[in-house]
Structures are given as structure tokens and as C-alpha cells.
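Input: a single structure, listed below in C-alpha cells.
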Amino acid sequence: MADDRDRTEQLTDDERKRRSFLRKVMWSSAGLVLAESALAGLALFWPRKVEGFGSTIRAGRIQDFEIGSVTRFRDGKFYLSRLPEGFIALYWKCPHLGCTVPWEPSRGQFACPCHGSIYERTGQNVAGPAPRPLDYMEIQIRGDEIWVNTGAIFERRVHLDEHVTRV
Ligand code: FES
């Protein structure tokens, strides 16, 4: 009789432990789901790292560019033109109908393959149907480094010295 009572008390203790364990598992799972949801929600508001076109891109050091050089930056969709007085970053989109304008080193000009607009290394249009020079982008000089803000693109009616960032 006493053995039966002990077994009953023992079973009750085991049952209590099992229930306690299951409760802990349930609350832990619920906590985990809540934490995951909160992290997913926060991720929506976390600023994403922006690279390439639209961001500010390091072009290189001032001394890396010879005077007269025109360097293509594929990710930023621009050319960095090294002029005697400084730099100009030219958006490679033709202001006529939007074709990508290649640099022609042998001619020392940009020549649009679509309708034949021609631009000087400053971006100034000199022939063809283009209504204005190539647009230019903001340049920032940080120490001896050149950074180009491909999110800051400016139109102009004619090329002016003030469009060149002096170094
Ligand atoms: S798109 Fe370049 S000349 Fe027409």
C-alpha cells in the first residue's frame, strides 16, 4: 500500500517535471519566433550599403591620372577626364536619346554610335544632334583621393570652367 502511494507521488513528480520541461520548450520556441520576427522587421529599416551607380565612388588618387587621360568607370557609368586644370566626371549617357557614348582615344573625342554626336574631352558637344554637352557629376577631393558622386548629375547648356574640379 505504501509502495503504491510512493509510486503515485513519484509519477506525479515525473509528470510535473515533464510539464515544466514542455512549458520551457514552448516559451523558448515562442521567444525564438518573436526574436526572428523582430530582427526581420528591423532589417527592413536598416540602411542598405549602396554601391555602383547612384553612390559615391572612389576613382583613385590624383597622381594616378595623367593630364589628358580619360578613364572609364563601368560601375559608375562615367568617364573621368583629366584636364590640365583639374578633373571632370562625365556621365556617359548621350543627352540626345540616351545611348552610351564611347571614348575614342585615337580621335581624342567621345563619339556617339547612334546618331553621330561628337563631344570633346570636357564633354562639350561639337557635332551631331545632341542638344547640349555631356552631363557631369559632382567630384569630391578627399586628401589626394578623387571621389565621384554618381547620384549628383548636372545638365548644362555649354561647358564652363566652373564645371571642372580644380586640383
Ligand atoms: S543618342 Fe547619341 S546622338 Fe543620338
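Here are some notes:
- Residues in the range 123-152 that are of a type in the set (A, V, I, L, M, F, W, C) and away from the ligand (no atom under 16 Å from the Cβ): Met137, Ile139, Ile141, Ile146, Trp147, Val148, Ala152.
- Filter result for Asp144 (more than 26 Å from the chain's Cα centre (by Cα) and either assigned by TED's automatic domain parsing to the domain that holds Ile62 or exposed (fewer than 14 other Cβ atoms within 10 Å of the Cβ) (or both)): no
- Being away from the ligand (no atom under 11 Å from the Cβ) and either at pLDDT below 95 or surrounded by 16 or more Cβ atoms within 10 Å (Cβ to Cβ) (or both) is a property that does not hold for Leu160.
- The range 66-113 - residue that is among the β-branched types (Val, Ile, Thr) and within 16 Å of the ligand (Cβ to nearest atom) and, of those, farthest from Val126 (Cα to Cα): Thr100
- Test: Ala152 is free of Cβ contacts under 8 Å to residues at least 40 places away in the same chain, buried (at least 18 other Cβ atoms within 10 Å of the Cβ) and small (Gly, Ala, Ser): no
- Selection of first residues in the range 112-140 that are touching a residue at least 24 places away in the same chain (Cβ under 8 Å) and closer than 12 Å to Phe154 by Cα and of second residues that are more than 10 Å from the ligand (Cβ to nearest atom) and among the basic types (Lys, Arg), restricted to Cβ pairs under 7 Å at least 6 apart or on distinct chains, gives the following pairs, ordered by first then second residue: Arg132/Arg156; Arg132/Arg157; Pro133/Arg156.
- The range 70-111 - residue that is assigned to a loop (DSSP other than H, G, I, E, B) and touching a residue at least 60 places away in the same chain (Cβ under 8 Å) and, of those, nearest to Thr165 (Cα to Cα): Glu85
The values are calculated or read from the model by the stated rules, or taken from the named source; none is laboratory data. Only a predicted model underlies this, so the values are computations on that prediction, with no experimental measurement involved. Glycine also receives a Cβ, built like all others from the backbone with ideal geometry; neighbour counts cover every protein chain displayed.
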